[in-house]
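These notes are about the structure you will find just below.
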Amino acid sequence: MSQYKIAVIVGSLRKDSLNRKLADALAKLAPPEFSFHKVKIDDLPLYNQDDDSNQAVSVKRLRDDIAKAQGLLFATPEYNRSIPGVLKNAIDHASRPYGQSVWPGKPAGIVGVSVGVMGTAMAQQHLRNILSHLDVPTLSQPEAFIHAKDGLFDENGNIGSGSKEFFQKWMDRYVGWVKKNAA
């Protein structure tokens, strides 16, 4: 495969989301054959199984964006030691109706940044459990539980010099993971 389209799912709706900034900065570290497309999740209705046979336009768009991707990048904050509700809602929509999930086989990477010193460790573990059930092969190492500190991003929104080597290694492993596992 010469081009890899990556669906980026950011688990934060906040305008100045650190996780959105991280996803944008990470994309700049990827090789040119990788393109990153943010999946819109802020307009999805709450998942209701009664709607499976008549899905909203926003749900169809979400499912189409994921179906067309060769890989997934999740950037999530941690809310109350788990993933944000908006992220779980998106995951549920794309996995339903039963037997029609668009997730299986899509290689994924997970990152997260938080002002807390534990980064997003618990949220990422919960997300890994969910993705495992959905048959999403997920890059396990290196883990990226990022504590937001001064210098994480430079003035242009790129990864700062103190963290660039770690994130470049992470991206290199992620690229290899997607190439190995993309259908």
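The numbers here are math on the coordinates, done by the rules we state, and not lab data. Predicted, not measured: the structure shown is a model, and the values here were computed from it. Don't worry about glycine lacking a Cβ; one is built from the backbone with ideal geometry, like all the others, and counts go over all protein chains shown.
Of note:
Okay, residues lined up against (1) crowded, with 22+ Cβ neighbours inside 10 Å; (2) within 21 Å of Phe34 (Cβ to Cβ); (3) basic (Lys, Arg):
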| position | (1), (2), (3) |
| --- | --- |
| Ala75 | yes, yes, no |
| Arg128 | no, no, yes |
| Lys149 | no, no, yes |
| Asn158 | no, yes, no |
| Lys169 | no, yes, yes |
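- Residue in the range 39-60 that is within 18 Å of Pro104 (Cβ to Cβ) and in contact with a Pro (Cβ under 7 Å, 6 or more places away or on another chain) present: yes
- Only one of Ile66, Ile9 that is in contact with a Phe, Trp or Tyr (Cβ under 8 Å, 6 or more places away or on another chain), among the β-branched types (Val, Ile, Thr) and either closer than 17 Å to Gln124 by Cα or loosely packed, with under 12 Cβ neighbours inside 10 Å (or both): Ile9
- So Ser35, is it touching a Leu at 6+ places or on another chain (Cβ under 6 Å) and of a type in the set (S, T, N, Q): no
- Count of the range 139-163 residues, restricted to those that are more than 24 Å from Arg81 (Cα to Cα) and either free of Cβ contacts under 8 Å to residues at least 12 places away in the same chain or of a type in the set (Gly, Ala, Ser) (or both), is 9.
- Put simply, of Gly99, Gly109, Gly119 the only residue that is surrounded by 15 or more Cβ atoms within 10 Å (Cβ to Cβ) and at positive phi is Gly119.
- Flag if Asp52 is loosely packed, with under 14 Cβ neighbours inside 10 Å, more than 14 Å from the chain's Cα centre (by Cα) and not polar (S, T, N, Q): no
- Scan the range 9-36 for residues that are under 19 Å from Lys180 (Cα atoms) and aliphatic (A, V, I, L, M) and the total you get is 3.
- Residues that are touching a Phe, Trp or Tyr at 6+ places or on another chain (Cβ under 9 Å), closer than 23 Å to Ala30 by Cβ and free of Cβ contacts under 8 Å to residues at least 60 places away in the same chain, drawn from the range 103-119: Ala108, Ile110, Gly119
- Considering (1) in a loop (DSSP other than H, G, I, E, B); (2) over 17 Å from the mean Cα position of the chain (by Cα), the lone condition that Glu143 does not fulfil carries the number (2).
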